[in-house]
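Before any comments, here is the structure.
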Amino acid sequence: MKTLSPSKKSSTGRVGRRGFLAGAAAAGSMVVLPSGTKLAFADPNEPTKGDVLVYLFLRGGADGLSLVPPVGLPSYYDLRIDGSYNIAVAQGDALSLGALGATHPDLALHPAMAPLMPFWNAGEMAIVHAAGSPASLSSTRSHFEAEEVWERCGRQQTTVDGWIGRHLATSSDVSGNLAGISHEQRIWSAMQGYSKSLAISNIYNFDIFGYNDRSSARSLLDALHGSAGLVESEGQDTLDAVNTIDSIDFSAFSPQNGAVYPTNNSLANELNQIARLIRANIGLRAVTVDIGGWDTHNDMGTPVPGQRMYDRISRLAVGLEPFLTDMGADMNEVTVIAASEFGRTINVNGSGGTDHGRGGAMFAFGKGINGGIYGGFPNVIEDGPEGDLVVLNDFRQVYAEIVDKRLGNLANMATVLNGYDPGGSYLGLANTL
């Protein structure tokens, strides 16, 4: 099993809310909106103020047994190697989790996760394996149904908004028009429920379109949305957000700490923009980022560069590393969660891939995170009746601890998590603000 030293590595749209806007530009440590409202992101001098949450959703059902392979369990190899197909991570290729992984010595990291090892070694990365939705909430293997359950903490039939949206709607730390952003072309379910949520796919192209002249377009929309009604208020909020983004000189927030965002990595490009938004102090409190491509039914390949699963995991790690490096000390006030709607089957299928499963792996990053592996994990990998990893850790346990200890919204946890009660106990992966 390979072990990496803790030394850090350097690596270097359209938008819309209500449908008539699309993605724009950056400026000092505080921005004044047209309404006169001052906004500021978490201040290091106010340690009790909640973190900015960055929620990475690995859409498609990411294979937790590749991301965090149980290389110490012989049955893992029995089920992941079949004839000409071998999708197992060899113990000698895996990244050792060392002392921080002592509670689960059979687990390691996929070699493509190497860029994130400095944060593991620094105790700023937590893993919860065998995580998923308990059968009592949902045992579906449908992407769309499972995504809704994870993002809403419940079924769409019983709740119409998302857990992050409910957090923003109830938190006393939230104000202004740019607190909740889906860095996409749409507002994903997790962010729904907060009336001021925005979809911004590109901060450098966030503006009003459909007119030849920008100023006349804004004047017209200002006139249309200048009264006190609900539609007018929503329109004015969006116009204020456009004006705020326009007022920022984003070049003033170039990467720090030697971070280099690779230009050929879409996640890195998104997180580069998010880092600048956070540093611009515009009141950002939560952002969602969608990372697709994890539905690996075929040709996952061996864990070497050029193979499908290796390259998918590499894009995640290479994209996330510069953000964590760039934010540096500011990660005291930022928490990153990475999750997927379910894991995948244990055994390799007849196409060299894996099918929809249940238990998967979750990750949390930040200086407020206690590095290590948390929750239960099976002692034996078995191809049970449904052929997948059993769910031993309710994903809402992770949400609950983050909501309380890092977002500072314990008073509204029942609302945020749609009635879920952690029972007064946590996994221990987060420090209190």
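Each value in this text was obtained by applying a stated rule to the coordinates, not by laboratory testing. Not measured: the values here are computed from a predicted model. All Cβ positions, even for glycine, are placed from backbone atoms using ideal geometry, and neighbour counts span all protein chains on display.
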Worksheet item: So what is the relative contact order for segment 295-409, in percent, with contacts set as C-alpha pairs under 8 Å and at least six apart?
Response: 25
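Give me 181, 164 ranked fewest to most by other Cβ atoms within 10 Å of their Cβ, as a rough exposure proxy.
If I rank by nearby Cβ atoms, fewest first, I get 181, 164.
With 10 angstrom as the radius, rank 356, 297 by how many other C-beta atoms surround their C-beta, starting from the fewest.
297, 356
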Response to the item:
Counting only DSSP beta bridges fully inside segment 21-416, the antiparallel percentage to nearest 5 is 45
Worksheet item: Whole-Å semi-axes of segment 21-416's equivalent ellipsoid, largest first, each the root of 5 times a Cα gyration tensor eigenvalue?
Response: 38, 21, 20
Worksheet, complete the sentence: With the 8 Å Cα cutoff and a minimum separation of six or more residues, segment 229-388 has a relative contact order in percent of 21
